[in-house]
1. Hey, for a label at residue 319 modelled as a point 7 Å past Cα toward Cβ, could you say which residues of region 207-238 have their backbone N under 17 Å away?
2. Based on the mean of other beta carbon atoms within 10 Å per residue, what is the order of 257-269, 126-138, most packed first?
3. Among DSSP beta bridges lying fully in region 3-174, give the percent that are antiparallel, nearest 5.
4. If Rh is defined by the Kirkwood formula over all Cα pairs and Rg also comes from Cα, what ratio Rg/Rh do you get for region 208-324?
5. Output the direction-averaged projected area (hull surface divided by four) of the convex hull of the alpha-carbon atoms of region 20-97, in nm².
6. If every alpha-carbon in region 272-324 counts as one equal scatterer, what log10 I(q)/I(0) does Debye give at q = 0.14, 0.17, 0.19, 0.28 1/Å?
7. With a Förster radius of 30 Å, plug the Cβ-Cβ distance of residue 247 and residue 137 into 1/(1 + (r/R0)^6) and report the FRET value to the nearest 0.05.
8. For residue 288 and residue 156 in the same chain, what is the full-extension length gain: residue separation times 0.36 nm, less their Cα-Cα distance, in nm?
Amino acid sequence: MSENHLPIGYTNLDIFSKTLMELAEQDRDVLVVTGDSRGSGQLTPFGEKFPEQIVEIGIAEQNLVGVSAGLASSGKKVFAVSPACFLTARALEQIKNDVAYSDHPVKVIGISAGVSYGSLGTTHHSLHDFAVLQAINNIDIIAPADNFETVQAIRAAVHHPRPIYIRFGKKPVPNLHAPGTSFEIGKAIQLTPQSDHYDIAFIATGETVAPTYLASQALAEKGITCCVLSLHSIRPFDEEAVLHAAVNSKVVVTVEEHSINGGLGSRVASFLMQAGIFRPLRIVGIPDEHTVTGSQSEIFRHYGISPQGLSQTALHLLEKESVS
């Protein structure tokens, strides 16, 4: 089974750019600050149409965040756009102090996140951003799964009262949501029917939601019931949705395009343990090792972030639970 079994949309970056242009046309206070990322961020059309609403800093991520914080302090609605691997590492001090500590509502946009840069390797992979930003107070963290979540996240971010980080990958993504789906920052979206009993609870974020959903469909054909949550918000964290999924399931599997340390899985495990909910749990992500080199799809398959790999992981966990 492949993602071709779901209707494929555009890249989330394309949708981000299109949505940003619509917002900029309505509000001249919407600004983009970028670090030589017009092309990779799909922002060339934005710059051509709104030359007075884009600031080019060059390859200087620390300055980019500092300038963005200054503009936000004067009332501008600032989107600071740069590759996630550099933005959340090289400019981490500025995100911590100039944005979060100073409470400037900058919209920090990490592009080509996770392993989107593929064969460029570990230097260009962003597998630390959830971890480091969760350790910083006063910045929300969003990873949209598809075009719908991207549109809604950007529209919500414009008026969001707190600093916010939103990460995007590079490839076209499947459309996952039915018309009429509601979106709210901090509220997970369940992709499977509501129930009071599941065999498996899948909790996924960002571009790992699609293969997770396909895994649940394959398992459903075997009579195994699944809950699938698109937890687009790492912070604010939807405790109610995670609690409902875990309490009503035999096992829990979390899925993320991030290190298994300090990301979504760690957040879910910590919350459930402290809430007194004990379920067999498996964190699926990038293990603590030198990452293999390849395309995003190849890396996903290697680490089991595929419909087949996730199905096998969930079945193995469920079988161990049944034996015990």
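The numbers here are math on the coordinates, done by the rules we state, and not lab data. What you see is a predicted model; the values in this text were computed from it and never measured. Positions of Cβ are backbone-derived with ideal geometry, glycine not excepted, and every protein chain shown enters the neighbour counts.
1. Residues 219-220, 222-225 fall inside that zone.
2. Values: 257-269: 23.0, 126-138: 19.2.
Packing proxy ranking, top to bottom: 257-269, 126-138.
3. Working: 3 of 23 bridges.
DSSP beta bridges in region 3-174 are roughly 15 percent antiparallel.
4. Radius of gyration over Kirkwood radius for region 208-324 works out to 0.95.
5. Details: hull surface 18.9 nm².
Averaged projected area of region 20-97's Cα convex hull equals 4.7 nm².
6. -0.50, -0.67, -0.77, -1.06
7. Details: r = 29 Å, r/R0 = 0.96.
For R0 = 30 Å, the calculated efficiency reads 0.55.
8. Working: separation 132, 0.36 × 132 = 47.52 nm, distance 3.40 nm.
Gain in length upon complete extension: 44.1 nm.
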